[in-house]
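Quick notes on the structure that follows.
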Amino acid sequence: MTQFDVFNGDADGLCALHQLRLEAPLESVLITGVKRDVALLQRVPAQRGDAVTVLDVSAATNHDALVSLLDRGVDIQYFDHHYAGDLPRHPGLKATIDPSPEVCTAMLVDRYLGGKQRIWAIVAAFGDNLPDAARELARPLVLGSEQLGQLGELGEDLAYNAYGEKISDLIMPPAALYEVMHRYADPFHFLRTEPIIARLSKARCDDLATASEVDPEVVFDHATIYVLPDAAWSRRVSGVFGNHLANRFRARAHAVLTPNAQGGYTVSVRAPVAIRTGADDLCRQFVTGGGRAEAAGINHLPRDAFQEFARRFEQAFSTAPHPP
Ligand SMILES: [Mn+2]
């Protein structure tokens with residue numbers, strides 16, 4: 001029997017698996033990828049009698065592969081907080097799914113384990129941008145504010161490592177990062193002993209500094225477009241750079257374009273923080289666009305659609321934002 005551990009390569013996926021394997025150590029085949037690479041189940045070559053644990057990737061995106069594994073007689077344990085769609089009903093599937101906004105996958109695993117590896121759920125909650133939930137989880141652990149700060153930084157660094165278009169864009173492949181992390185039950189021991197987190201932290205800082213030196217491509221009255229160069233650091237930093245701009249120039253909308261492998265751009269849009277709306281409506285006008293009201297994106301904008309995008313972007317954010 002082979003065990004497959006399938007997990008999102010970000011902080012939440014890493015910490016969810018780490019909690020489970022600290023409690024129940026098992027030799028397993030790791031299947032993971034960059035944060036946006038979520039169709040992972042189709043890569044699992046499991047046979048009848050094998051077992052698969054799936055963490056932090058949407059059951060809706062993986063629906064067909066999930067059904068096919070279950071039909072093959074594979075046992076599946078699934079923890080996730082993304083939209084799940086129609087979950088198959090099958091005796092081989094044990095699923096813990098909760099798409100509530102203040103929950104991440106490592107928190108679902110924390111509930112399942114009765115809080116036994118709680119400290120890693122705290123790291124994950126910080127990494128999934130749920131600082132209030134992280135502090136709530138931390139309450140019974142009596143951590144000092146400096147320790148809590150370290151866990152927060154660790155979560156953000158692990159989360160940052162998963163941003164990129166492909167594994168070679170990342171500072172460290174998530175599976176290799178997991179192998180290192182897995183040797184430590186105590187995150188503070190991990191931080192003291194392994195240089196990798198300091199490397200991630202420095203890369204996060206350097207990438208943002210490099211992006212901040214890029215001049216805007218187009219400046220409208222209430223909106224700005226940046227086009228980053230074709231480089232691994234661009235593909236890592238684009239989302240974080242968008243958030244940075246949004247927080248710095250709160251009355252402006254921002255679009256950050258990064259050249260992608262198809263010869264076009266991946267687009268990251270942030271609505272003005274002052275209104276937090278309009279980003280999704282704009283992006284959905286394009287075939288591969290989607291997201292949330294305040295932060296949305298387009299997976300592939302063909303190069304010759306740039307002018308059309310710029311026109312619609314200016315139109316979408318043509319007036320000075322008035323907070324509701
Ligand atoms: Mn997550």
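Here are the numbers:
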{"read-out": "Region 138-157, residues that are surrounded by 13 or more Cβ atoms within 10 Å (Cβ to Cβ) and either over 25 Å from Gly239 (Cβ atoms) or of a type in the set (Asp, Glu) (or both)", "value": "Ala138, Leu141, Leu143, Gln147, Glu153, Glu156, Asp157"}
{"read-out": "Output for region 1-41, where each listed residue is assigned to a helix (DSSP H, G or I) and within 13 Å of the ligand (Cβ to nearest atom)", "value": "Ala11, Asp12, Gly13, Leu14, Cys15, Ala16, Leu17"}
{"read-out": "Neighbours by Cβ (under 6 Å, 6+ apart or cross-chain): first from region 253-279, within 17 Å of Gln315 (Cβ to Cβ); second crowded, with 17+ Cβ neighbours inside 10 Å and aromatic (Phe, Trp, Tyr)", "value": "Ala253/Phe317; Ala255/Phe313"}
{"read-out": "Checklist (1) within 16 Å of the ligand (Cβ to nearest atom); (2) in a loop (DSSP other than H, G, I, E, B); (3) of a type in the set (Gly, Ala, Ser); (4) in contact (Cβ under 8 Å) with a residue 40 or more places away in the chain applied to Ala46, failing item", "value": "(1)"}
{"read-out": "Residue selected from region 126-139 under the condition free of Cβ contacts under 8 Å to residues at least 60 places away in the same chain and within 16 Å of the ligand (Cβ to nearest atom), by the criterion farthest from Tyr184 (Cα to Cα)", "value": "Asp132"}
{"read-out": "The lone exception for Lys116 - which of (1) over 21 Å from the mean Cα position of the chain (by Cα); (2) in contact (Cβ under 8 Å) with a residue 60 or more places away in the chain; (3) in a helix (DSSP H, G or I) it fails", "value": "(3)"}
{"read-out": "Checklist (1) within 16 Å of the ligand (Cβ to nearest atom); (2) more than 18 Å from Glu179 (Cα to Cα); (3) at pLDDT below 95 applied to Gly85, failing item", "value": "(1)"}
{"read-out": "Residue in region 131-151 that is assigned by TED's automatic domain parsing to the domain that holds Asp110, outside any helix (DSSP H, G or I), at pLDDT below 95 and in contact with a strand residue (DSSP E or B) (Cβ under 9 Å, 6 or more places away or on another chain) present", "value": "no"}
{"read-out": "Only listed residue being closer than 24 Å to Asp206 by Cα and either of a type in the set (A, V, I, L, M) or in contact with a Gly (Cβ under 7 Å, 6 or more places away or on another chain) (or both), chosen from Ala310, Ala320, Ala293, Ala255", "value": "Ala255"}
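The values are calculated or read from the model by the stated rules, or taken from the named source; none is laboratory data. Here the structure is a predicted model, which means the values were calculated and not measured. Backbone-built Cβ (ideal geometry, glycine too); neighbour counts: all protein chains shown.
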